[in-house]
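Report on the following structure.
The values are calculated or read from the model by the stated rules, or taken from the named source; none is laboratory data. On a predicted model such as this, the values are computed, not experimentally measured, just so you know. Note that each Cβ is placed from the backbone with ideal geometry, even for glycine, and that neighbours are counted across all protein chains shown. Keep in mind that these areas ignore ligands, DNA and RNA; they rest on the heavy atoms of the full protein, side chains included. Shrake-Rupley method; radii C 1.70, N 1.55, O 1.52, S 1.80 Å.
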Amino acid sequence: MKLPDSVTLIEVGPRDGLQNEAQFVPTDTKLAFIRHLWSAGFKEMEVTSFVSPKWVPQMMDSKEIMHLAGNQKGTIVLAPNKKGIEAALSSGAKSIAVFLGVSSTFNQKNINKSTKEAMEDLIPQIKILKTKGVFVRACISTAFYCPYEGRIEPQSTLDLCRQFAEAGADELSVADTIGRATPKEAFELFSLLKSRLPEMLLTAHFHDTKKMALANIYASLLAGIDRFDSSAGGLGGCPFAPGASGNVATEDVVYMLENMGIQTGINPDVLVEAISIVKPYVSRPILSGYYISSTIEKGT
Ligand code: HMG
Ligand code: MG
């Protein structure tokens, strides 16, 4: 299989990267992080989410974030339901990511609804968004494993993806929420999705709990995927997916791909600077290979 000449990286650090952090990151710091990340070269970025502040307090400043940084082309916000979608629209969002897991137990913990109930609510919302010309990204959680139900059958993931495609979603971001998939599983699921949903824009979203994410990206490239979500510094995790660690670190993805001759358009040294903006507020150490080696080289 021929590898692509270039890929698109969607930065999810300001949203997935920060949502799991208990200490509130001041809005000004988030804005500085977002602006610095844009300057690294991204064309698409998840900047915040319109979710309940009782459920995810870190995202309580979504309106302000959008007011002050929402004009940038390629800005994506998450929204779980009608209320969140309406708030996202009022904030001027042109690209909205809805999200749903394949596993009903995960959905019950994450959004207080079963998969079927949530899908019944989301389908009409997606149709409304399409009449308004909004780009709809559908994030499919627990596509490989669920923290509560275990292994998820590829057919179940395909079924949910198909429902979103039929509802009119423009993109599917298919996630290994708890970072347990192997390259074989990544290759098989993405090959299946590519063959059954050939018209869909497909993106892979890997968390890195078992340190499989880079290998999974390589396996997904072989399956024909050329869009990847990643988070600067490897920050991230879902508060309702116990045991999950951060997303794959963007700077490591950039290093791997660029050194394989695959263009990303992203400057990893600018990412290292961006990480230093939020580092004082985050609870976990920054352990990406690129970050560690570049800070050793600089003696910092
Ligand atoms: P609920 O408590 O069932 O909501 O939460 P409700 O409809 O019963 O309403 C209760 C209250 O919440 C009401 O307010 C509503 O107005 C309010 P009150 O009358 O009590 O003052 N409410 C909202 N407020 C703000 N924004 C909203 C909203 N909706 C209702 N959108 C709800 C249901 C979905 C709101 C809640 O469960 C929630 O916010 N969940 C979000 C969880 C989340 O953000 N998870 C992380 C994102 S997904 C992820 O990270 C996975 C991903 O990265 C891919 C992967 O790795 O798998 C994308
Ligand atoms: Mg995630």
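Details
- Two-site FRET efficiency, Lys2 against Lys211, from Cβ-Cβ distance with R₀ of 25 Å, rounded to 0.05: 0.40
- Inter-part distance where the range 177-210 and the range 7-57 are each reduced to a Cα centre, Å: 23 Å
- Between Cys139 and Val98, Phe99, Leu100, Ser173, the built amide H atoms are under 5 Å apart, and every one of these is 5 or more places off in sequence or on another chain.
- Fully extending the segment from Tyr148 to Ser293, taken as 0.36 nm per residue of separation minus the present Cα-Cα distance, adds 48.6 nm.
- Calculated from backbone phi, Karplus (6.51, -1.76, 1.60) coupling profile of the range 138-146 in Hz, x at Gly/Pro: 10, 8, 9, 7, 6, 6, 10, 9, 10
- For Tyr148, distant residues with modelled amide H under 5 Å away: none
- When the surface is traced with a 1.4 Å probe over the full set of protein chains, Cys161 keeps roughly 0 Å² accessible.
- Positive contributions from Lys and Arg (+1) and negative ones from Asp and Glu (-1), summed over other residues with Cβ under 12 Å from the Cβ of Ile140, come out at -2.
- Euclidean distance between Cα centres, the range 251-267 to the range 112-160, Å: 30 Å
- Once backbone amide H atoms are built at 1.01 Å from N, Lys113 has Gln108 as its partners under 5 Å, excluding neighbours fewer than 5 places away on the same chain.
- Over the chain, relative contact order from alpha-carbon pairs under 8 Å, at least 6 apart, %: 22 percent
- Share of carbon and sulfur in the accessible heavy-atom surface of the chain [1.4 Å probe, %]: 53 percent
- Vicinal HN-Hα couplings computed from phi for the range 183-194 (Karplus, 6.51 cos²θ - 1.76 cosθ + 1.60; Hz; Gly/Pro x): x, 4, 5, 5, 4, 5, 5, 5, 5, 4, 5, 4
- Residue-averaged [θ]222 nm for the chain, counting only DSSP H segments that reach four residues, each worth -39500 (n - 2.57): -12500 deg cm²/dmol
- Within the range 8-298, percent of DSSP bridges classed antiparallel, to nearest 5: 10 percent
- Relative contact order for the range 1-100, counting Cα pairs under 8 Å that sit 6 or more residues apart, in percent: 26 percent
- Heavy-atom accessible surface of the chain, averaged per residue, reaches 42 Å², computed with a 1.4 Å probe.
- Per-peptide average of other Cβ atoms within 10 Å, ordering 218-226, 111-119, 9-17 highest first: 9-17, 218-226, 111-119
- Extension gain for Gln23 to Asn267 (0.36 nm times residue separation, less C-alpha to C-alpha distance): 85.0 nm.
- If the segment from Tyr281 to Glu64 were pulled out straight at 0.36 nm per residue, it would be longer than the present Cα-Cα gap by 76.2 nm.
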